[in-house]
Each structure stands twice: as structure tokens, then as C-alpha cells.
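K.L.:
Handing you this structure, nothing more for now.
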Amino acid sequence: MSRPTYAIIDTQAFVANYRYAKSLAPGSRALAVVKANAYGHGAVTLAHALSGQADAFGVACSEEAMELRESGIDNPILLLEGAFDPDEIELADRANLMLVVHSQHQLDWMLKAKPDRPLTVWLKIDTGMHRLGFTPQAAPRIYRHLKDSPHIGEVVLMSHFARADEMDSDATARQLDTFDDTAHDLTAPFSLANSAATLAWPQTHTQWIRPGIMLYGSSPLAGSRIDTSALVPVMRLQSELIAIRDLAAGESIGYGGRFVCDKPTRVGVVAAGYGDGYPRHAPDGTPVTVNGQRTRLIGRVSMDMLTIDLSTQPDAAIGDTVQLWGDLIKANEVAQLSETISYELFTGVTRRVHFHYR
Ligand SMILES: *Cc1c(COP(=O)(O)O)cnc(C)c1O
């Protein structure tokens, strides 16, 4: 037997979450965002589970796109940051990848390229995120450049929201207004909505939504009034009890002695730590389950192990299953307590963890 630390991936939950995203935006196509190895879940397997239904996939770079192409995925694929050098325009032509164009240097490469087929381009407009994209003032001119080039086929107009997860902010409405002012008299499909906007801002759905985190069953709107209970967690991170000990009141546990027992305490040692992607910043009290029952982390997380309170579970035994996040413990709960987001937890799961696909 090997170390019992698993990420169990429910491919059907991924498909169900995609269908749910589509049901929220019935008039839109949906680009399933599978960058960063499908947010740490395994892009090849999940893309294959969805390939019969996905309108397109979105990735961050050509390496991620080629991994999918070489595994037999032939759905449309968008490079979300476009080309990083001129050679990638040729690669996009050969491998039939769609490209974002967000800056003048990418536009120059594209207008010089001589692709065999017209390229599909997603023109990115910066409506307030201030990271990538052309200014609203420049965008109509860039659009016409692209339209005039015989090497460019379809042009999609896109933008990205900075604060779509904040229900009380008017930032999303302002970005949408800016986009409408810029794009309303340009003939093109539009794409604005990430997961948060797909869930909370229906007026942003337009022709293409771009859901990411919601496909993995995690809500970007945790704690808001928006109902996201239909999302099904795709990843279950679990391990087992590998030791159990009884400590007296006053004894401390692990590095730094952070947790001191205030009464005689039964402590379980679990084979998972920050070397597996569990956050080292998780405080005492972070929830875990043993055999499906909730208890809490006590003591600092170490690289290969963490320690939990078994006082309420006297029957727990070596080899019992401990869930760290999944259906019983939302990744968002662990993330919030550790001052991060579920995106970072998922993408941080390391290759030492055994991935099982269902
Ligand atoms: C990552 C990404 C998304 C998906 O965002 P989520 O918050 O995970 O839904 C959408 N659009 C772009 C451009 C992205 O980079």
C-alpha cells in the first residue's frame, strides 16, 4: 500500500456544473475555462468528459492547449492571454487555436502572419480591470484593422470583470456600460462573464460566457445572497488517520507548540500537509471530517502531516478516512479560514497526491 492521500475527481459533477452554467445563460455559448490543469483537477480527463458538449475550452498558454490537442480534443480552444511570441501565431494556425489579442505588439505579429486559414481573434477591451486589453478609445480602430486583414476571420469582443463577486459594488455595472458604449455599433459576438457574473449578473451574459471556478463546484460568491447550492464539488481531497495518541492537559502538539490541550485530548495524525497542497496557514479549528463527522484541525500543519481533534470520536481508528475538502467540507470554508480562495487551494494540490477519476 502507498501513502493514502487522494484527490478524488468526479467527472460527472464537472459536466453537471457546465450544464448548470449553460442553463443560467440559455442564449449563450460557454467557454469552459480549464487553464492551470483545470484548476488543478486534471485538464485532459475533464476536457474529455466534456468534449461532447463544450462549445469551447479556455487555457492560459499554448502548452496547455497542445496538451489537450495531443490528447485528442478537437473542440475550439482559446488562448486567454494570446500569443507570447510571433511563432505562437503559426502554432495557433496549425493547431486551430483561437487567440486573444490584448496589446499592440500582438496585433503587429498577427497582421504580419500568413496563416493558412483565417484566424479567430478575441479582441480584449480593458473596461476597468486595468491588466490586459486595449483602451475603449482604441478598440474600434483595432477592430477595423482586424476586420480589414484577410488573415483574420471571426472577431469576438471581450472584457473581464474585476469585481463581479461583489454584489454591493457598482463596478461591474460600470464596466458593462463602458463595454456597451465601446462595442454597441461593432458587429461581433461579445464575451464578458466569468463564473461570478454568470451566477450574479445576467445582463452580462451576451453571446459567450466564460465560467471557470463554478465548473469545479466552488462558488465565487460564498456568503452572498445568490443561491449557488446547485454547484457540485468536483474534487474531494482526503487522506487517512496514520496514528492516534492521547495527550494530557497542558501538552502541546507539533511545530511551535501552537495548540495546547486544555483537557486530556485524543489526537489523530493525518497523512496530508502543505507538501500536498493543504494550506499551512490553516488555523486551529479549521474543519475536517473523520468518517463523515466533523471535527477540527489542532496544531500547525506540517509538510507531510496534520493533526486533528478526536475527542468527540472515541471510536476513530487507524486507516479511517479524513476529508480535507470536498462534499462535506467546502473548499471555500478552508480557504476563508486560511485567508485565501478555493482557486489557490485547487491549483496548489501537488503531484504527490494520487488522483482518482470517477
Ligand atoms: C480565468 C478566467 C476566467 C474564469 O474565471 P472564474 O472566476 O474562474 O470563473 C474567465 N475569463 C478569463 C479571461 C480568465 O482568465
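K.L.:
Pull up the DSSP beta bridges for the chain and report the antiparallel fraction as a percent, rounded to 5.
P.N.:
50
K.L.:
For Cα pairs less than 8 Å apart in space and 6+ apart in sequence, what is the mean separation divided by the residue count of the chain, i.e. the relative contact order in percent?
P.N.:
Relative contact order here is 18 percent.
K.L.:
Under 14 Å from a point placed 7 Å out from the Cα of Asn96 along the Cα-to-Cβ direction: which residues of the range 203-228 have their backbone N that close?
P.N.:
Hits in the range 203-228 for Asn96 at 14 Å: none.
K.L.:
Report the charge-dipole magnitude of the range 11-216 in Debye, nearest 20, computed about the Cα centre from +1 at each Lys and Arg Cβ and -1 at each Asp and Glu Cβ.
P.N.:
320
K.L.:
Which of Val34, Val44, Val288 comes first, and how do the rest follow, when ranked by fewest Cβ neighbours within 10 Å?
P.N.:
So the residues, fewest neighbours to most, are Val44, Val288, Val34.
K.L.:
Give the average over all directions of the projected area of the C-alpha convex hull of the range 220-305, one decimal, in nm².
P.N.:
Approximately 7.1 nm², given one-decimal rounding.
K.L.:
In whole Hz and in residue order, list the ³J(HN,Hα) couplings for the range 38-54 that follow from phi through the Karplus curve 6.51 cos²θ - 1.76 cosθ + 1.60, θ = phi - 60°; x for Gly and Pro.
P.N.:
Karplus-based 3J(HN,Hα) across the range 38-54 equals 6, 6, x, 8, x, 5, 5, 5, 5, 5, 5, 4, 9, 4, x, 10, 6 Hz.
K.L.:
Helix 11-24 versus the longest principal axis of the chain: what angle, 0 to 90°, nearest 10, using Cα atoms?
P.N.:
That helix lies at roughly 50 degrees to the long axis.
K.L.:
Diagonalise the Cα gyration tensor of the range 235-357 and give the resulting equivalent ellipsoid semi-axes, square root of 5 times each eigenvalue, largest first, whole Å.
P.N.:
In descending order, the three semi-axes are 23, 16, 13 Å.
K.L.:
Which value in Å is the Kirkwood Rh of the range 1-83 over different Cα pairs?
P.N.:
Result for the range 1-83, one decimal place: 13.5 Å.
K.L.:
Express in whole angstrom the spacing between the alpha-carbon centres of the range 156-179 and the range 234-273.
P.N.:
Going from one Cα centre to the other spans 44 Å.
K.L.:
Pick from Arg69, Arg280, Arg144 the residue whose mean-square fluctuation is largest in a GNM of the chain, springs joining Cα atoms under 10 Å.
P.N.:
Arg144
K.L.:
For a quick check: with amide H placed at 1.01 Å from N, whose amide H comes under 5 Å from Thr350's, ignoring anything fewer than 5 positions away on the same chain?
P.N.:
It is Gly277, by chain and number.
K.L.:
Ranking request for peptides 159-167, 222-230: highest mean number of other beta-carbon atoms within 10 Å first, then the rest in descending order.
P.N.:
Put in order of decreasing packing, that is 159-167, 222-230.
K.L.:
Sticking with this structure for a sec: Please give the length that would be gained between His145 and Ser71 if that part of the chain were fully extended, namely 0.36 nm times their separation in residues minus their C-alpha to C-alpha distance (nm, one decimal).
P.N.:
Full extension of this stretch gives 23.1 nm more.
K.L.:
Rg/Rh for the range 134-275 to two decimals, with Rh computed the Kirkwood way over all alpha-carbon pairs.
P.N.:
1.27
K.L.:
Set the Förster radius R0 to 45 Å, insert the Cβ-Cβ distance between Ala171 and Lys114 as r into 1/(1 + (r/R0)^6), and round the FRET efficiency to 0.05.
P.N.:
0.65
K.L.:
Further, regarding this structure: Across the chain, how many lysine pairs, 8 or more apart or on two chains, come within less than 27 Å at their alpha-carbon atoms?
P.N.:
Step by step, the pairs that qualify in the chain add up to 10.
K.L.:
Something else now. Would you list the P(r) distribution for the chain, with all Cα-Cα distances sorted into 20 Å bins from 0 and each bin expressed as a whole %?
P.N.:
The calculated distribution, bin by bin, is 28, 49, 20, 3.
K.L.:
Between Rg and the Kirkwood Rh of the range 11-216, both from Cα atoms, what is the Rg to Rh ratio?
P.N.:
0.95
K.L.:
Turning to a different aspect of this structure: Quickly estimate the mean residue ellipticity at 222 nm for the chain, helices only: each DSSP H run with n ≥ 4 gives -39500 (n - 2.57), and the total goes over all residues, rounded to 500.
P.N.:
Theoretical 222 nm ellipticity from helices: -7500 deg cm²/dmol.
K.L.:
For the range 235-357, what does the relative contact order come out to in percent, with C-alpha contacts under 8 Å and a separation of six or more?
P.N.:
It rounds to 29 percent for the range 235-357.
K.L.:
Let me ask you something else. In whole percent, what relative contact order does the range 1-133 give with Cα contacts below 8 Å and a gap of six or more residues?
P.N.:
16
K.L.:
If you stretched the chain out fully between Gln137 and Cys61, how much longer would it get, using 0.36 nm times the residue separation minus the C-alpha to C-alpha distance?
P.N.:
24.6 nm
K.L.:
If amide hydrogens are placed 1.01 Å from N in the peptide plane, which non-local residues have theirs closer than 5 Å to the one on Ile152?
P.N.:
Leu119
K.L.:
Once R0 is set to 35 Å, what does the formula 1/(1 + (r/R0)^6) return for the Cβ-Cβ distance between Asn291 and Thr45, expressed as a FRET efficiency to the nearest 0.05?
P.N.:
According to the calculation, E is roughly 0.80.
K.L.:
Testing the spin-label approximation: label points 7 Å from Cα along Cα→Cβ at Ser23 and Phe84. State their distance in nm.
P.N.:
The modelled label-to-label distance comes out at 3.9 nm.
Rule-based calculations on the coordinates, nothing more; no lab input. As the structure is a prediction and not an experimental result, all values here were calculated from the model. Reconstructed Cβ throughout: ideal geometry from the backbone, glycine too, with neighbour counts over all protein chains shown.
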